[in-house]
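Working notes, beginning with the structure itself.
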Amino acid sequence: MTTKIPSLHIGNLEINPPIIQGGMGVRVSGSSLASAVANQGCAGIIASVGLGDYENSKAKDFVKVNNDALRKVIREARAKSDGIIGVNVMVVLSNYAELVQVCVEEKVDLIICGSGLPMDLPKLTEGSGIKLIPIVSSARAFNIIYRKWKQNYGKVPDAVILEGPLAGGHLGYKPEDVIAGTAGNLEDLVAELVEYCRGLEEFIPVIAAGGIYTGEDIARFLKIGASGVQMATRFVCTDECDVDMEFKQAYINAEKDDIAIIKSPVGLPGRVIKNKFVERISAGETVPFKCPHHCLQSCNPRLAPYCIAKVLASASKGLLDESFVFAGANAYRCTEIVPVKTLIDELKTELMANL
């Protein structure tokens with residue numbers, strides 16, 4: 001009897017292998033990566049944050065520049081793939097509602113929202129049929145979203161992503177817990193959420209994220225009860241990833257001890273790859289800046305030691321002397337840059353061997 005890789009079903013969407021490529025901003029996961037992933041049967045995700053040339057635009061043009069860029073990138077991805085294309089829109093963005101509106105107009109398959117609780121997402125997408133997926137760090141957080149959506153809109157999430165403390169970028173945990181390793185492990189967090197969702201009237205797929213690196217990892221979470229996984233770090237070191245080669249090379253060059261936790265100006269812990277810029281800001285150095293955009297609701301430009309938006313935009317261009325690279329806890333394990341198809345074929349083979 002041949003073992004088949006189970007599909008991730010989200011409403012009428014079928015994702016096989018059951019992998020959602022994580023949205024990575026700024027300008028890391030765009031049309032090239034998302035379409036390549038979608039062409040392999042997985043869900044390709046565009047990160048909506050900072051897609052436009054906002055750092056060189058006037059304050060009054062900030063929303064339009066990013067809206068136009070997101071629309072363009074969605075259309076580019078659609079032109080390259082008939083597969084499943086979604087968009088990650090962070091709730092903390094000051095232009096969150098406008099970006100969601102673009103997603104509705106462009107009829108994307110999925111909207112994934114994290115960095116805050118997307119309490120009004122069903123209202124913003126009413127009648128669109130787009131699958132709505134919140135990212136949470138605990139069953140407790142999902143309970144809040146589930147109950148509010150059902151009570152206020154008669155709608156429940158189409159799936160939920162549980163992102164654990166080994167993920168890259170900004171993390172939804174207390175900095176001291178992430179550093180001390182007391183934020184919990186993904187297996188326990190996923191098992192708790194799976195148990196919660198089993199008690200609901202509706203079937204809501206649970207998707208595990210944060211530190212998942214191999215097909216063996218995927219199999220382990222499927223056995224725990226997850227319906228699929230979200231992976232981001234692995235996709236950085238692919239030919240099709242939209243980011244500059246210097247960014248990818250930072251992953252290839254990284255050692256285990258180079259993966260570090262910093263406190264972001266937005267008040268959250270962030271996982272990065274150490275470099276000279278990280279050393280400078282960790283030592284208390286500041287990079288004065290003017291903020292014409294106020295792109296993040298949680299950022300206070302008067303208190304921030306540097307502009308996180310400018311840093312991430314510089315990183316996407318490979319200007320690593322003045323920026324840092326966000327990365328997951330396993331980024332140091334990346335040793336080569338391969339085509340997306342090669343990566344997914346490898347993951348499928350490992351997954352099949354461990355089912």
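Here, each number is a calculation from the coordinates, and none is a lab measurement. Here the structure is a predicted model, which is why all the values come from computation and not from measurement. No Cβ is skipped: glycine too gets one built from the backbone with ideal geometry, and neighbour counts run over all protein chains shown.
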Original post:
Given the convex hull over the Cα atoms of the chain, what projected area results after averaging over all orientations, in nm²?
Top reply: 16.8 nm²
Original post:
In deg cm²/dmol and to the nearest 500, what is the mean residue ellipticity at 222 nm of the chain if only DSSP H runs of at least 4 residues count, each as -39500 (n - 2.57), divided by the residue total?
Top reply: -10500 deg cm²/dmol
**OP:** Let me know the charge dipole size of the chain about its Cα centre in debye, to the nearest 20, where only the beta-carbon of Lys, Arg (+1) and Asp, Glu (-1) is charged.
**Re:** 760 debye
Subject >> Inter-probe distance in nm under a simple model that places probes 7 Å from Cα toward Cβ, at SER94 and LYS276 >> reply: 3.2 nm
**OP:** Normalising by the residue count of the chain, find the relative contact order in percent from Cα pairs under 8 Å and 6+ residues apart.
**Re:** 19 percent
**OP:** Give the Debye-formula value of log10 I(q)/I(0) at each listed q (0.25, 0.27 Å⁻¹), with one equal scatterer per alpha carbon of region 1-71, two decimals each.
**Re:** -1.02, -1.10
**OP:** Could you go through region 128-136 in sequence order and give the Karplus-derived ³J(HN,Hα) for each residue, using 6.51 cos²θ - 1.76 cosθ + 1.60 with θ = phi - 60°, rounded to whole Hz, and x for Gly and Pro?
**Re:** 7, x, 5, 6, 10, 10, x, 9, 10
Original post:
How large is ³J(HN,Hα) for each residue in region 183-198, as worked out from phi by the Karplus curve 6.51 cos²θ - 1.76 cosθ + 1.60 (θ = phi - 60°), to whole Hz, x for Gly and Pro?
Top reply: 7, x, 9, 4, 4, 5, 5, 5, 4, 5, 5, 4, 4, 4, 5, 5
**OP:** Rank GLY184, GLY154, GLY228 by mean-square fluctuation in a GNM of the chain with C-alpha springs under 10 angstrom and give only the top-ranked residue.
**Re:** GLY154
**OP:** Towards the positive end of the charge dipole of the chain, with charges on Cβ (+1 Lys, Arg; -1 Asp, Glu), say which of ILE337, LEU186, ALA304 has the farthest Cα.
**Re:** ALA304
Original post:
How much length, in nm to one decimal, is gained on full extension between ASN16 and LYS107, taken as 0.36 nm per residue of separation minus their Cα-Cα distance?
Top reply: 30.6 nm
**OP:** Output ³J(HN,Hα) for region 260-274: one whole-Hz value per residue in order, computed from phi by the Karplus curve 6.51 cos²θ - 1.76 cosθ + 1.60 with θ = phi - 60°, and x for Gly and Pro.
**Re:** 9, 9, 10, 9, 6, x, 8, x, 10, x, x, 9, 9, 9, 4
**OP:** Could you work out how far the C-alpha centroid of region 186-246 sits from that of region 332-349, in angstrom?
**Re:** 16 Å
Original post:
THR286 to ILE144: extension gain in nm, 0.36 nm per residue of separation minus the Cα-Cα distance?
Top reply: 47.4 nm
Original post:
Once Rh for region 140-213 is found with the Kirkwood sum over Cα pairs, what is the Stokes-Einstein diffusion coefficient at 10 °C and 1.306 mPa s, in µm²/s?
Top reply: 119 µm²/s
Subject >> Estimated inter-spin distance, LYS256 and ASN152, nm [label 7 Å along Cα→Cβ] >> reply: 4.5 nm
Subject >> Under-5 Å amide H pairs with THR238, H placed in peptide plane, nonlocal only >> reply: VAL338
Original post:
In square nanometres, what is one fourth of the surface area of the convex hull spanned by the alpha carbons of region 64-113?
Top reply: 3.1 nm²
Subject >> Pair THR182, ASN354: separation of 7 Å Cα→Cβ label points (nm) >> reply: 3.0 nm
